[in-house]
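Take a look at the structure below.
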Amino acid sequence: MIEYIANIDWAAVAPYIAVGFAAQLVDGALGMAFGVICSTLLVSVMGVAPARASAGVHFVEMFTTGASGISHVLHKNVDWKLFARIAIPGVIGGALGAKALAYLNAEDARPMVMFYLTCIGFYLLYKAVTFTMQHKARDPRIVTPLGLIGGFLDASGGGGWGPIVTSNLLLQGTDPRKTIGTVNTAEFFITITVTIVFATTIGLEAFTVVTGGLLIGGLLAAPFGAMVAKRIQPRLLLFAVSIVLIATSLFSLYKALT
């Protein structure tokens, strides 16, 4: 084991550790955006193929969302009725999205993925402009289609479950604490499904140095998420995330289409 660690090319792993660390800090403060940030930087900046990027991100999220889900359950932040309504279609949508991305040519998929991530960036910018902590809780009407679409886009784009599902549920007036806890807990099952689909379609070679780096960075940053949330306003973080996503995704989309 020691010899294996000694032979790791840490210079090659370091950029992915940095990406995982930064993304987890933001995710810990906002309750979303780990997958979106990681996928955007991996695909648009580091040139990782979309399917490999999504596979690596979802493998790492099995650990981060698992820990988050356990915490929310222990703190009674989960609405189990809403969980069943969102998790089952989310798992189905995630499996379909992973299948679709795994069988597409990487270069053909790049413009589609970048367009999707650009849209997510503008959506987060909208959320930053309209951000408010005041919500009058009520039961959501649109849940099953939201879970299906959120799972599909999360798998095919490498991220987006949190921004899509959490934000839309909050727009429908759900309780913020219960919504974040329920969506985060459901995400654990979506990430397991997506990871299994990628492993059986594109093989275990998708989980390489990228996965290891993201995992190390994410685990290192996990304890600091709550500290960041206390010191930085979520609205400012939303602005920062949206600007990074829009800039990197638009640039990559331009390069892919020219």
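What follows draws every value from the coordinates through simple rules; no lab data is involved. Quick caveat: nothing in here was measured; it's all calculated off a predicted structure. FYI the Cβ positions are ideal-geometry reconstructions off the backbone, even for glycines, and counts take in every protein chain you see.
Test of understanding: ordering Trp161, Trp80 by Cβ neighbours within 10 Å, fewest first, what list do you get? Walk me through the numbers on the way to the answer.
Working: Trp161 32, Trp80 11.
Ordered by Cβ neighbours within 10 Å, fewest first: Trp80, Trp161.
Mind checking the stretch 44-124 for trypsin sites (Lys or Arg not before Pro) that DSSP puts in a loop (not H, G, I, E or B) and that have at most 16 other Cβ atoms within 10 Å? Kindly include the intermediate steps, with their values, before the conclusion.
Numbers: sites: Arg52, Lys76, Lys81, Arg85, Lys99; in loops: Lys76.
Taking the stretch 44-124 and a limit of 16 other Cβ atoms within 10 Å, the loop trypsin sites (Lys or Arg not before Pro) found are Lys76.
Is the stretch 49-105 rounded, prolate or oblate when judged by the Cα gyration tensor, a ≥ b ≥ c being the square roots of its eigenvalues, rounded requiring a/c under 1.5 and prolate requiring a/b larger than b/c?
Working: a/c = 5.69, a/b = 1.72, b/c = 3.30.
Note, shape of the stretch 49-105 comes out oblate.
So for each of 179-192, 14-27, 243-256 I average, over its residues, the number of other beta carbons within 10 Å; can you give me the resulting order with the highest mean first?
Details: 179-192: 25.7, 14-27: 22.6, 243-256: 18.1.
Final packing ranking: 179-192, 14-27, 243-256.
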